[in-house]
Amino acid sequence: MLGEYAITGGRANEIAASVELGISSGELPPGSVLPPMRELAGRLGVNPNTVAAAYRTLRERGLIDTDGRRGSRVRAQPATLAREAIRPPLPPGVRNVADGNPDAALLPPLADALAAAAQRYARRPGQYGDDVVDPGLERMARAAFDADGVPAGPVVLTSGSLDAIERVLAAHLKPGDPVAIEDPGWGSLHDLVPALGLRVVPVALDDDGPRPESVAAALDKGVRALIVTDRAQNPTGAAVTAERAAQLRELLARHPHVLVIDDDHGHGIVEQPLHTLAGATRSWAFVRSTAKAYGPDLRLAVLTADRVTADRVAGRHLLGPGWVSHLLQYAVVDLWERGTLDTAAVARSYSERRDALVAALERLGVAARGRSGFNVWVPVADETGAVARLQAAGWAVAPGARFRVDSPPAVRLSVSQLAPEDVAELARAVAEAVRPGRGARYV
């Protein structure tokens with residue numbers, strides 16, 4: 001219910017701004033039911049069409065949901081409050097296996113690369129009109145794509161994977177269009193899609209990637225786009241296999257108009273080979289980020305796509321940021337040319353920690369998922385209770401609500417900060433927190 005909050009305004013934009021202010025201030029918390037359009041129009045002395053336009057604006061901004069006779073209400077995760085921002089302070093002494101940051105000890109040192117970039121920049125400072133993409137970076141990125149079987153296409157740079165995905169979606173879709181995304185899946189993506197005014201269609205997945213029957217159902221519903229994480233899926237660790245990729249390609253061949261976006265954020269930290277869906281339809285994009293392997297603050301992702309998609313993204317990027325800093329590009333080129341990062345060793349380190357935790361949990365009767373990357377997904381009967389019990393035991397884990405739409409409750413554990421000697425202790429704490437009854441085996 002609205003409680004004491006009074007919506008004001010005489011125009012659609014004023015009414016929408018009043019509701020948005022209530023959401024941002026917390027006076028209209030998630031789940032708050034908004035007045036029926038005619039009722040609010042009567043209170044404000046405006047035409048019902050004015051309120052309808054305001055509600056439509058709020059829905060397109062990802063702030064409210066409308067459901068026929070059930071009316072309109074504030075979304076569970078309004079676009080003004082990203083899921084990643086819902087992080088209570090960590091109590092003293094509690095060890096953090098909740099965040100998704102890579103192990104800083106496995107990131108390559110940037111001092112030499114940045115120094116080399118500065119020296120190159122000193123010889124010829126970047127200027128307006130320069131190549132947007134450094135030719136050396138473009139050549140190396142394209143060679144890596146070719147080696148992994150990614151179709152030919154122009155190379156475009158963005159400030160991270162989410163930036164790339166947003167720009168690709170905006171290049172093709174309009175508010176109200178349905179988009180199929182993994183459930184459970186990346187929380188930031190679950191926030192981005194409704195923030196763009198697009199409609200989320202959840203797709204179930206297993207360890208091999210999106211399940212064909214769930215993708216088929218989404219395609220039959222008329223989704224305009226499908227977003228798939230190829231490896232190191234967040235939060236489950238799923239990795240698309242060759243067989244699954246073939247099944248999905250067969251489905252997509254019957255829907256050539258659907259936009260397909262591959263997110264390969266796990267490049268450089270996984271041992272599993274790439275099996276991409278790029279090129280399965282007319283419009284496609286493949287995104288590869290440097291964040292997990294080289295550092296989250298190195299804001300650079302490499303995108304390749306069909307010519308139309310690439311041109312639209314690059315053209316719109318020119319009208320905004322213009323280009324990704326050449327200093328960052330030079331630093332990445334230096335890192336790649338000198339082979340600063342031993343990607344095989346990094347991937348092996350994450351795999352050893354992840355596999356050790358999954359095995360320890362299984363020995364204690366707790367089912368867990370984690371094929372690639374550095375996350376382990378543990379189904380639970382009571383998500384809130386499991387998170388609280390683990391925190392009381394000295395461990396902070398991520399609640400599954402950050403990643404779910406329709407999928408069952410779970411918690412996410414990130415092994416990137418986990419020391420080998422702590423695996424057994426964490427596994428025992430998880431088993432005690434999630435076991436539904438004495439002596440029961442949770443599967």
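The helices (runs of 4 or more DSSP H) found wholly in the range 89-191 and carrying at least 1 residues that are under 30 Å from ALA386 (Cβ atoms) and in contact with a strand residue (DSSP E or B) (Cβ under 6 Å, 6 or more places away or on another chain) occupy 161-172. The residues on offer are ARG167, ARG123, ARG95, and the sole one that is over 15 Å from the mean Cα position of the chain (by Cα), in the same structural domain as HIS326 (by TED's automatic domain parsing) and farther than 22 Å from VAL215 by Cβ is ARG123.
Matching residues to (1) closer than 21 Å to ARG369 by Cα; (2) at pLDDT below 95; (3) in contact with a helix residue (DSSP H, G or I) (Cβ under 6 Å, 6 or more places away or on another chain):
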position: HIS190; (1), (2), (3): yes, yes, no
position: ARG199; (1), (2), (3): no, yes, no
position: PRO202; (1), (2), (3): yes, no, no
position: GLU213; (1), (2), (3): yes, no, no
position: VAL223; (1), (2), (3): no, no, no
position: THR229; (1), (2), (3): yes, no, no
position: PRO235; (1), (2), (3): yes, no, no
position: VAL240; (1), (2), (3): yes, no, no
position: HIS257; (1), (2), (3): no, no, no
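Screening ALA381, ALA359 for residues that are out of contact with any Asp or Glu (no Cβ under 7 Å at 6 or more places or on another chain) and either over 27 Å from HIS275 (Cα atoms) or not in a helix (DSSP H, G or I) (or both) leaves exactly one candidate, ALA381.
The C-beta contact set for the range 20-36 (first residue without any contact (Cβ under 8 Å) to a residue 24 or more places away in the chain, second residue exposed (fewer than 14 other Cβ atoms within 10 Å of the Cβ) and charged (D, E, K, R), distance under 6 angstrom, 6+ apart or interchain) is empty. Residue pairs whose Cβ atoms lie under 7 Å apart, separated by 6 or more positions or on different chains, with the first residue in the range 381-396 and over 16 Å from ASP422 (Cβ atoms) and surrounded by 18 or more Cβ atoms within 10 Å (Cβ to Cβ) and the second modelled with pLDDT of 90 or more and not aliphatic (A, V, I, L, M), are GLU383/PRO399; GLU383/GLY400; GLU383/PRO409; VAL387/PRO399.
The values are calculated or read from the model by the stated rules, or taken from the named source; none is laboratory data. What you see is a predicted model, and the numbers here were worked out from it, not measured in a lab. In this analysis, Cβ positions are derived from the backbone assuming ideal geometry, glycine residues included, and neighbour counts consider all displayed protein chains.
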